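The block underneath contains the structure these notes are about, expressed in structure tokens.
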């Protein structure tokens, strides 16, 4: 076994590999860019080597610097994680020339499976079902339109060297095909340095289901069941689970056997994933093979009891697989939610900055697991993927895994950047998700105009009112105790309160109880027991015996509450204060319609208009790149451009003016 390995990656996957290596007694070497000097993976490693500037093209994607770091540290092998150089055959070969082992497949397998065009041909030859499409590289937008017409709309344009949703667009007509080709090409070049695009028939109402395979260097290949990855946004996976609620035993076996056949055809070694698209009739078609560890590998680990990183290390060190296909088990159910630094209420725009408060949920690791590369006080950078962490829960069945996920999301506290925890909670609580009726179009179909607060299910509207009142009463009781008033002149806390939420006044009484408070609301008595203290971010309580967990932040006189995906602003007042509040004039929001503002921090890639130009609603105005994704900004109404305030290549802040209209 290796004594020292280098992890050629960053963030949560670097930390994940280090965890297994440490358990196996293997020393680890981290590499880091300028932006990651204080990153968690650097702190966890036994050694760390600086490899360049913040952009990945000047650090994590520079093979020579990674190899030099191996020389300096004496690392015997390199684990590439996912992304960056993980599927770069040239990197693998360069390591081999240096006598350094690559913890992954051989170069020929990476080449064969890394190119979507070549892999599709190989899959067909191996007897694997494939999607109809054009078996070649598209040279320009006009050819893309011609090919799409031949294949038949809708079509999927996808980067040949791509993955992770980068460089992918669905086109339903010629206009979308031309624009999609340009966007996909730019994203592919930015993310992978390879702008080749291919076109396939887009399967409607599809499910994205993948098979995990593992192979050693002795010809032994097995499949470790499937993962359902259909909950996606912009082709980026959001929620994954194992097993799939859709597959039956025979389909699972057929898909697994085809995945093994494909891996065997290229003499595959190490962990790999064969991705399929599955239609409503259980017909499945090969999408691609990822020759690396997948982001969603934890759900497989939770349901099989295997450590995939350990198996990769052992196989790379020349050992045989310690199990056969008959030994692979399927224990219970596991879900994974990807926690991103993004704002769901602003069309999922990236959010960057400092994690002022960061408290992941705690619990038994057999039930709740958090894979992360961040810590409280750390930074979420504009240069890399916006993932904060992966939250994984396990249960005896799917319902239990979902229930544990909802509870864990409620307890996941992040302050300092916007995040998608509320959105994730809404998704896993959705009746359609609960029933397992999901496709890759789930998010687009359920939230076609974006995600808004009203999309969050209100299971019991009384709970936020009760909690807000109890929180405020706790603050008032504390203030009375520490006010320092003279004896006989103590501050009196009254029991009558009014809670204002979404313009509605809720009148109730709050009385101290044995272990919390007794509340009278809408003609009903509630018993709320809690040991919460002011300032704590998580409000754990039982309401009439039911356990709840609210996230609580005080914002001036207001309380910000988060529960089961809902975000609530509440103001608690005395009855007299409520009467006066109702007389206050409403503050009007400023009119910003004359400006095009940057909705996120990022790089202004393109300005498509000039002063004096007339634009119509829906017309492209500018393109901003953030966290490896291009975001097209369009006109909301007809207008005339008066001024261009920012130019291509400029780094933008949130709400920075790009254009001004007449």
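Every number in this text was worked out from the coordinates using simple rules, so none of it is lab data. These numbers were taken from a predicted model, which means no experiment stands behind them. Neighbour counts are summed over all protein chains in view; Cβ atoms, including those assigned to glycine, are modelled from backbone coordinates with ideal geometry.
Describe numerically, in nm with one decimal, the distance between label points set 7 Å from Cα along Cα→Cβ at residue 557 and at residue 584.
0.4
Taking neighbour Cβ counts within 10 Å as the exposure measure, how do 387, 476 sort from fewest upward? Let's see the in-between values first.
On the way: 387 22, 476 18.
Ordered by Cβ neighbours within 10 Å, fewest first: 476, 387.
So how much slack lies between residue 331 and residue 58, counting 0.36 nm per residue of separation and subtracting their Cα-Cα distance, in nm?
On the way: separation 273, 0.36 × 273 = 98.28 nm, distance 4.33 nm.
Extra length from residue 331 to residue 58 when fully extended: 94.0 nm.
Using the number of other C-beta atoms within 10 angstrom as an exposure proxy, rank 583, 652, 335, 330 with the fewest first.
The order, fewest Cβ neighbours first, is 583, 330, 652, 335.
Spin-label point model (7 Å from Cα, Cβ direction): what's the residue 71 to residue 525 distance in nm?
Result for the modelled spin labels: 8.0 nm.
Helix 11-23: angle to the longest alpha-carbon principal axis of the chain, degrees 0 to 90, nearest 10?
Its long axis makes an angle of about 70 degrees.
Could you calculate the contour length gain from residue 614 to residue 502, that is, 0.36 nm times the residue separation minus the distance between their Cα atoms, to one decimal place in nm?
On the way: separation 112, 0.36 × 112 = 40.32 nm, distance 3.91 nm.
The residue 614-residue 502 span can extend by a further 36.4 nm.
Cα centroids of the range 603-653 and the range 266-319: how far apart, whole angstrom?
First find each Cα centre; the distance between them is then 41 Å.
Please work out the FRET efficiency for the pair residue 546 and residue 280, using the Cβ-Cβ distance as r and a Förster radius of 41 Å; give the result to the nearest 0.05.
Approximately 0.60, to the nearest 0.05.
How high is the relative contact order of the range 248-338, in percent, with contacts defined as C-alpha pairs under 8 Å that are six or more residues apart? Present the calculation step by step, with values, prior to reporting the outcome.
Working: 76 pairs, mean separation 21.4, N = 91.
Computed over the range 248-338, the figure is 24 percent.
Once fully extended, how much extra length lies between residue 118 and residue 140, figured as 0.36 nm per residue of separation less the alpha-carbon to alpha-carbon distance?
Values: separation 22, 0.36 × 22 = 7.92 nm, distance 1.97 nm.
Stretched out fully, the residue 118 to residue 140 stretch lengthens by 5.9 nm.
So what's the gap between the Cα centers of the range 322-343 and the range 388-450, to the nearest angstrom?
Computed from Cα coordinates, the inter-centre distance equals 16 Å.
First measure r as the distance between the Cβ atoms of residue 509 and residue 364, then evaluate 1/(1 + (r/R0)^6) with R0 = 45 Å and state the FRET efficiency to the nearest 0.05. Could you put the intermediate results ahead of the total?
Numbers: r = 39 Å, r/R0 = 0.88.
After rounding, the FRET efficiency stands at 0.70.
Can you tell me, using C-alpha contacts under 8 Å and at least 6 residues apart, the relative contact order of the range 595-661 as a whole percent? Provide the component values of the computation, followed by the final result.
Values: 165 pairs, mean separation 30.1, N = 67.
Once divided by the residue count of the range 595-661, the mean separation gives 45 percent.
List the residues of the range 190-207 whose backbone N lies under 16 Å from a point placed 7 Å from the Cα of residue 153 along the Cα-to-Cβ direction.
Zone members listed by number: 200-204.
How much mean residue ellipticity at 222 nm does the chain get from its helices, if each DSSP H run of length 4 or more adds -39500 (n - 2.57) and you divide by all residues, to the nearest 500 deg cm²/dmol?
On the way: 17 runs with 179 residues, N = 662.
Only helices count here, giving -8000 deg cm²/dmol.
For 544, 449, which order do you get if you count the other beta carbons within 10 Å of each Cβ and list the fewest first?
Details: 544 11, 449 7.
Listing 544, 449 from fewest to most nearby Cβ atoms yields 449, 544.
Going by Cα centres, the range 495-524 and the range 170-214 are how many Å apart?
53
How large is the direction-averaged shadow of the alpha-carbon convex hull of the range 4-103, in nm²? Before the final figure, lay out the partial values.
Values: hull surface 21.1 nm².
So the Cα hull casts an average projection of 5.3 nm².
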